[in-house]
Amino acid sequence: NYTIKEILEKGKTIALQEVTVQGWVRAFRSNRFIALNDGSTIKNIQIVVDFESFDEELLKKISTAASLKVRGEIVESQGAGQEIEVIAKTIEILGEANPDEIQATILQPKQHSLEKLREQAHLRFRTNTFAAIMRVRNSLMFAIHQYFNEQGFVYVNTPIITGSDAEGAGEMFSVTSLDMDNLPKDEEGKVDYSKDFFGKHTNLTVSGQLNGEVAAMGLGKIYTFGPTFRAENSNTTRHLAEFWMIEPEMAFYNLDMNMDLAEDLLKYVIRYALKNCPDDMQFLAERFDKEQTQKPANERSELSLMDRLDYVLNNQFIRLTYTEAIDILMKSKHNQKGKFQYPVEGWGTDLQSEHERYLVEKHFKTPVILFDYPAEIKAFYMRLNEDGKTVRAMDILFPGIGEIVGGSQREERLDVLDQKIEQFGIHAEDMWWYRDTRRFGTVPHSGFGLGLERLVLFVTGMGNIRDVIPFPRTPKNAEF
Ligand code: ATP
Ligand code: MG
Ligand code: MG
Ligand code: MG
């Protein structure tokens with residue numbers, strides 16, 4: 001019982017063997033050729049039906065989207081475009097699909113818009129584009145685990161429900177065990193949510209980092225890879241309310257080593273996907289290139305998808321301090337009203353994605369690692385530089401994406417950390433466990449967060465983050 005991918009890979013070597021194939025009908029031509037697909041590959045297998053040897057009633061029920069179990073013989077194909085095909089001996093219809101009813105769905109074989117695919121997210125797994133993306137996503141996830149495994153990292157699971165709100169970005173979903181019909185009230189009659197998790201306040205995690213740090217302070221090199229949640233009530237093409245993040249954390253690593261690791265990881269996993277998903281990648285590359293020709297010239301990518309990936313693989317990422325980046329942005333002609341929506345005003349400004357993308361796509365035309373950001377615009381836990389103004393933060397910016405990685409060397413000195421905790425208005429008592437690692441054998445350490453969906457966006461050349469996750473969670477999307 002082979003998958004269609006396995007059968008097609010075996011090709012002529014299994015000619016004349018009998019096989020069973022199961023799948024969904026993509027097309028039924030001339031009452032004679034069925035294109036069958038089972039999701040294992042973008043390619044269909046051709047089933048040849050000699051209509052004289054089958055019951056007419058049975059053949060009538062075979063239509064696009066129906067599911068079949070076919071037993072037949074592998075033969076070398078006479079037709080162009082395929083090496084082998086299956087001569088059907090028996091055909092069992094597992095599930096019919098009424099042709100009138102599929103008219104209104106994305107199963108109808110024609111070009112559908114991505115918007116339409118999103119509206120029928122439950123059916124899009126059966127479309128070429130989405131299935132290809134899912135297989136590439138799978139390959140990238142596997143490559144990530146393989147990379148860290150080869151590098152001696154320990155995979156640690158950090159909690160989804162957490163009592164710490166250390167990022168302090170105010171983007172948290174709270175978790176409640178309270179009886180919603182019987183909420184506890186304070187003296188003024190206001191609902192008291194402060195003890196909603198069996199007596200304590202908790203949130204869905206926005207990052208596994210703080211937990212990851214304390215794990216690395218015993219295990220050395222660890223990574224977490226799990227869902228993270230941010231109540232981003234915005235509708236960009238780069239933000240989800242639920243996304244998957246890869247977060248390595250390494251004891252004894254400084255910022256340079258952190259950047260080296262991130263660059264190496266990104267190149268490794270992109271290479272892996274290209275090698276292991278050649279058919280899907282070719283399909284997505286053709287799709288991307290065709291899409292570019294339909295865009296206005298100023299929005300068009302200068303490179304084809306494959307060239308863009310090659311370029312990233314074969315060039316060192318440019319490393320640039322935040323201060324140098326501000327300099328470039330201030331001097332740029334682009335930094336005027338009408339060009340940037342938010343013109344860069346000077347040192348200290350938080351970069352918007354339009355600024356990041358300008359640096360990558362227009363100025364350098366290559367991935368950029370920005371580092372040494374002003375302390376005020378970054379989180380409290382980042383290592384303060386000797387200048388007292390900047391922290392050892394780094395963001396990796398990719399063409400077509402903007403920020404794909406955010407990371408830093410962490411503040412390992414207890415006295416400096418305590419000052420930052422106070423400055424940022426965080427309750428030091430809540431951080432007792434985090435502070436302990438600095439009290440008992442502190443070491444320099446670093447880590448970063450890589451957004452899986454942004455990586456998949458980059459590799460597949462897709463433009464909207466909703467199209468690279470099985471079930472997107474956005475303000476408008478949480479039905480199933
Ligand atoms: P951005 O500036 O794009 O909002 P961020 O700086 O808030 O991102 P970090 O807290 O640095 O994000 O998270 C690390 C990584 O997680 C980011 O570099 C990005 O790849 C990914 N990421 C962050 N927020 C989201 C989101 N809402 N949806 C999908 N991926 C995200
Ligand atoms: Mg953000
Ligand atoms: Mg950012
Ligand atoms: Mg960031």
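Take the residues in segment 376-395 that are away from ligand 1 (no atom under 11 Å from the Cβ) and more than 18 Å from residue 210 (Cα to Cα); name whichever of them is surrounded by the fewest Cβ atoms within 10 Å (Cβ to Cβ).
The qualifying residue surrounded by the fewest Cβ atoms within 10 Å (Cβ to Cβ) is 386.
Has segment 396-403 got any residue that is in contact with an Asp or Glu (Cβ under 7 Å, 6 or more places away or on another chain), away from ligand 1 (no atom under 14 Å from the Cβ) and within 30 Å of residue 310 (Cβ to Cβ)?
Yes - at least one qualifying residue is present in segment 396-403.
Report, ordered by the first and then the second residue, all pairs with beta carbons closer than 6 Å, sequence separation of six or more or different chains, a first member in segment 435-461 that is more than 15 Å from residue 135 (Cβ to Cβ), and a second member that is of a type in the set (D, E, K, R) and surrounded by fewer than 23 Cβ atoms within 10 Å (Cβ to Cβ).
Every condition considered, the pairs that remain are 442/412; 444/412.
Please tell me if residue 353 is of a type in the set (Gly, Ala, Ser), within 11 Å of residue 397 (Cα to Cα) and in the same structural domain as residue 299 (by TED's automatic domain parsing). Can you show your working first?
Values: of a type in the set (Gly, Ala, Ser): yes; within 11 Å of residue 397 (Cα to Cα): yes; in the same structural domain as residue 299 (by TED's automatic domain parsing): yes.
Taking the combined requirement at face value, the residue satisfies it.
Can you name the residue in segment 350-372 that is outside any loop (DSSP other than H, G, I, E, B) and of a type in the set (D, E, K, R) and, of all such residues, is nearest to residue 320 (Cα to Cα)?
As a first pass, look at segment 350-372 and keep what is outside any loop (DSSP other than H, G, I, E, B): 353-364, 368-372.
Okay, now just the ones that are also of a type in the set (D, E, K, R), so 354, 356-357, 361-362, 372.
Details: 354: 17, 356: 12, 357: 14, 361: 15, 362: 15, 372: 9 Å.
The residue in question is 372.
Assuming residue 16 fulfils every condition listed in (1) outside any strand (DSSP E or B); (2) surrounded by 14 or more Cβ atoms within 10 Å (Cβ to Cβ) apart from one, which condition is it?
So residue 16 meets the others, but not (2).
Here is a check on your reading of the model: is residue 401 within 16 Å of ligand 3 (Cβ to nearest atom), at pLDDT below 95 and buried (at least 17 other Cβ atoms within 10 Å of the Cβ)? Outline the logic, then answer.
Numbers: within 16 Å of ligand 3 (Cβ to nearest atom): yes; at pLDDT below 95: yes; buried (at least 17 other Cβ atoms within 10 Å of the Cβ): yes.
Against the criterion (within 16 Å of ligand 3 (Cβ to nearest atom), at pLDDT below 95 and buried (at least 17 other Cβ atoms within 10 Å of the Cβ)), residue 401 qualifies.
On the given criteria, is residue 411 at pLDDT 95 or above, within 16 Å of ligand 1 (Cβ to nearest atom) and acidic (Asp, Glu)?
Taking the combined requirement at face value, the residue does not satisfy it.
With a cut-off of at least 3 residues that are among the hydrophobic types (A, V, I, L, M, F, W, C), name the helices (runs of 4 or more DSSP H) lying wholly within segment 373-480. First the steps, then the outcome.
Values: elements: 414-423, 432-439, 452-460.
Ranges flagged: 414-423, 452-460.
Determine which member of the set 71, 29 is charged (D, E, K, R), without any contact (Cβ under 8 Å) to a residue 24 or more places away in the chain and out of contact with any helix residue (DSSP H, G or I) (no Cβ under 7 Å at 6 or more places or on another chain). I'd like the intermediate steps shown before the answer.
On the way: 71 fails: without any contact (Cβ under 8 Å) to a residue 24 or more places away in the chain.
Exactly one residue qualifies, and that residue is 29.
How many residues does segment 41-83 contain that are within 20 Å of residue 100 (Cβ to Cβ), of a type in the set (D, E, K, R) and surrounded by 12 or more Cβ atoms within 10 Å (Cβ to Cβ)?
Count: 1.
Look through 224, 237, 228 and report the one residue that is within 16 Å of ligand 2 (Cβ to nearest atom), buried (at least 17 other Cβ atoms within 10 Å of the Cβ), among the polar types (S, T, N, Q) and in the same structural domain as residue 394 (by TED's automatic domain parsing).
228
Does segment 279-299 hold any residues that are of a type in the set (A, V, I, L, M) and modelled with pLDDT under 95, and which are they? Give the derivation first.
Within segment 279-299, the subset of a type in the set (A, V, I, L, M) is 281, 284-285, 297.
The answer is 297, and nothing else.
Among the residues of segment 389-408 satisfying the criterion of being near ligand 4 (Cβ under 10 Å from one of its atoms) and hydrophobic (A, V, I, L, M, F, W, C), which is farthest from residue 375 (Cα to Cα)?
Result: 404.
Counting only residues that are out of contact with any helix residue (DSSP H, G or I) (no Cβ under 6 Å at 6 or more places or on another chain) and on the phi > 0 side of the Ramachandran plot, which one in segment 382-407 is farthest from ligand 2 (Cβ to nearest atom)?
Going through the qualifying residues, I end up with 388.
Can you pull out the residues in segment 240-267 that are among the aromatic types (Phe, Trp, Tyr) and crowded, with 18+ Cβ neighbours inside 10 Å? Break it down stepwise before answering.
Residues of segment 240-267 that are among the aromatic types (Phe, Trp, Tyr), as a first pass: 243-244, 252-253.
243, 244, 253 - these are the residues of segment 240-267 that are among the aromatic types (Phe, Trp, Tyr) and crowded, with 18+ Cβ neighbours inside 10 Å.
Got a number for residues in segment 386-419 being closer than 20 Å to residue 250 by Cα and polar (S, T, N, Q)?
2
Name every residue in segment 219-233 that is of a type in the set (A, V, I, L, M) and either within 16 Å of ligand 3 (Cβ to nearest atom) or over 17 Å from residue 448 (Cα atoms) (or both), in order of residue number.
Initial filter on segment 219-233 (of a type in the set (A, V, I, L, M)): 219, 222, 231.
Across segment 219-233, the qualifying residue is only 231.
Of the residues in segment 346-402, how many are farther than 22 Å from residue 335 by Cβ and of a type in the set (Asp, Glu)? Give the derivation first.
Looking only at segment 346-402, we keep the residues that are farther than 22 Å from residue 335 by Cβ, and these are 375, 378-389, 391-394, 396.
Then drop every residue that is not of a type in the set (Asp, Glu), which leaves 386-387.
So the answer is 2.
The values are calculated or read from the model by the stated rules, or taken from the named source; none is laboratory data. Owing to the predicted nature of the structure, the values given are computational and were not obtained by experimental measurement. As a convention, Cβ positions derive from the backbone with ideal geometry for all residues, glycine included, and neighbour counts pool all protein chains shown.
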